[in-house]
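Report on one structure; see the data block that follows.
The numbers here are math on the coordinates, done by the rules we state, and not lab data. Please read these numbers as outputs of a predicted model, since none were measured by experiment. Cβ placement follows ideal geometry from the backbone for every residue including glycine, while neighbour counts extend to all protein chains displayed.
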Amino acid sequence: MRDSRKSAQWLWRWRNNPLRRHDDVVEAWILLAVWLVALVGGIVAGVVTAHAADAAFARQRAERTAVQAVVTGGAPSDTPRAGAVSDQVRVKVRWTAPDGTARTGIALVDAGHPTGSKVVVWQDAQGTLAAAPPTGAEASVEAGLLGTAAAVAFAGTALAGAALTRWRMDKRRMDRWDREWELVGPRWGGHMTG
């Protein structure tokens with residue numbers, strides 16, 4: 001019994017009621033449409049984003065290759081700084097590109113490699129140094145997080161639009177009520193002071 005009263009209260013905008021205004025019906029349909037758009041659009045945005053991110057990560061794994069490089073110059077200090085987030089340092093390295101040419105560049109490697117030691121770096125198809133591609137598990141987690149963020153952002157935008165629409169409708173109703181009260185109020189026996 002109690003649940004049926006709650007659902008009746010929740011659906012009051014659709015019931016036949018002499019106090020129901022046209023704006024109430026319009027607001028109810030807008031809210032229903034926005035919730036559907038937020039739900040369906042959020043799911044679609046999340047799935048599309050997750051698939052696109054997963055495809056981009058797979059493309060990175062396919063295009064990037066690990067190659068041995070030789071450290072040709074150390075960082076100013078080849079030990080990590082105190083408070084550093086990572087134990088990697090930037091050093092100058094030399095490696096062979098896919099076309100057979102020798103290349104040099106700055107790479108991020110584990111600390112402690114002296115000049116002349118061999119390290120593994122990643123390169124793209126053109127032989128340019130690149131970051132290591134994410135593993136399959138890392139890519140799945142990151143794609144899932146990106147998809148979730150896209151879904152939440154889409155749904156949040158839709159719900160914010162609905163809140164703005166409701167605020168504008170409430171403001172319009174209050175302005176109309178003020179105008180009607182200015183007409184009716186003075187007729188109430190002079191109780192109004194202006």
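Once the other residues with Cβ under 12 Å from the Cβ of residue 122 are scored (Lys, Arg +1; Asp, Glu -1), what is the net sum? Don't skip to the end; give the middle numbers.
Numbers: positive: 61, 64; negative: 63, 124.
Combined, the nearby Lys, Arg, Asp and Glu give 0.
Can you order the peptides 135-146, 162-173 by their average number of other Cβ atoms within 10 Å per residue, highest first? Before the final figure, lay out the partial values.
On the way: 135-146: 14.3, 162-173: 12.5.
Put in order of decreasing packing, that is 135-146, 162-173.
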Between residue 26 and residue 148, what FRET efficiency follows from the Cβ-Cβ distance if R0 is 22 Å, with the result rounded to 0.05? 0.10
Between rounded, prolate and oblate, where does segment 116-194 land on the alpha carbon gyration tensor, with a ≥ b ≥ c its root eigenvalues, rounded for a/c under 1.5, else prolate if a/b exceeds b/c? prolate
